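For reference, the structure is listed below as structure tokens.
No lab work stands behind these numbers, since they all come straight from the coordinates. Every value quoted in this text rests on a predicted model; they were computed, and no experiment measured them. Neighbour counts are summed over all protein chains in view; Cβ atoms, including those assigned to glycine, are modelled from backbone coordinates with ideal geometry.
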Amino acid sequence: MDNFQVKRILRNLLVFCVGFTMYQCMEGVWKNIPALPECFYGAESFTMGLLGGLSILIIGSLNEKLPWSMPIWLQAIIGCIVITTFEFIVGCALNLWLCPLLGKPIIWSYESLPGNFMGQICPQFSFLWFLLSFVAIFVDDFLRWKVFDGEEPHYTLWWKK
């Protein structure tokens with residue numbers, strides 16, 4: 001294994017850990033704000049931390065696969081779609097199948113929020129994932145640039161010709 005491969009593995013591991021931690025912290029904070037709708041029911045789920053880590057890895061890799069000239073808001077929309085899709089798949093597997101099967105409380109439900117789909121995803125949280133995708137993009141790019149000597153990030157709001 002050469003130096004480039006080792007750096008890539010370390011970067012991915014670091015980014016994954018940052019995403020894991022960010023999600024766990026966000027969920028913990030959300031549960032303790034009484035004015036917000038009650039959406040989280042069970043204990044913090046380790047699997048949702050894994051989902052946060054995987055999501056930031058995929059969102060961060062957009063700049064490796066797509067041109068830097070792609071507008072930052074479009075990257076955030078793609079990130080929102082990635083996270084919302086993961087949330088739906090994992091939510092169906094955990095909340096609708098595994099938790100009832102094991103007799104455990106569901107982890108979250110958006111049934112009380114307008115526009116929800118099967119209680120697993122909703123427009124309000126998809127918008128939150130859109131905003132958090134900006135954070136994921138900036139964190140990944142910063143780590144790649146400063147910690148792993150990658151390309152300096154540059155962003156655009158519109159397609160460049």
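List 98, 157 from most exposed to least, where exposure is judged by having the fewest other Cβ atoms within 10 Å.
157, 98
Percent of Cα-Cα pairs more than 24 Å apart in the chain, please.
Considering the chain, 39 percent of its Cα-Cα pairs are separated by more than 24 Å.
Against the longest alpha carbon principal axis of the chain, how many degrees, from 0 to 90 and to the nearest 10, is the axis of helix 72-91 turned?
Approximately 40 degrees, to the nearest 10.
Give, as a single signed number, the net charge of other residues whose beta carbon lies under 12 Å from the beta carbon of residue 120, with Lys and Arg counted +1 and Asp and Glu -1.
That sum, taken over residues with Cβ under 12 Å, equals -2.
Give me the dipole magnitude in Debye, nearest 20, for the chain about the Cα centre, with unit charges on the beta carbon: positive for Lys and Arg, negative for Asp and Glu.
Here the size comes out at about 240 debye.
Charges on Cβ only, +1 for Lys and Arg, -1 for Asp and Glu, centred on the Cα centroid of the chain; of 105, 49, 154, which one is farthest towards the dipole's positive end?
The residue sitting most towards the positive pole is 154.
With contacts defined as alpha carbon pairs under 8 Å and 6 or more residues apart, what's the relative contact order of the chain in percent?
29
Between residue 128 and residue 5, what FRET efficiency follows from the Cβ-Cβ distance if R0 is 25 Å, with the result rounded to 0.05?
It comes to 0.10.
Using Cβ contacts closer than 10 Å as the measure, can you line up 88, 20 from fewest to most?
Going from least to most buried by this count: 88, 20.
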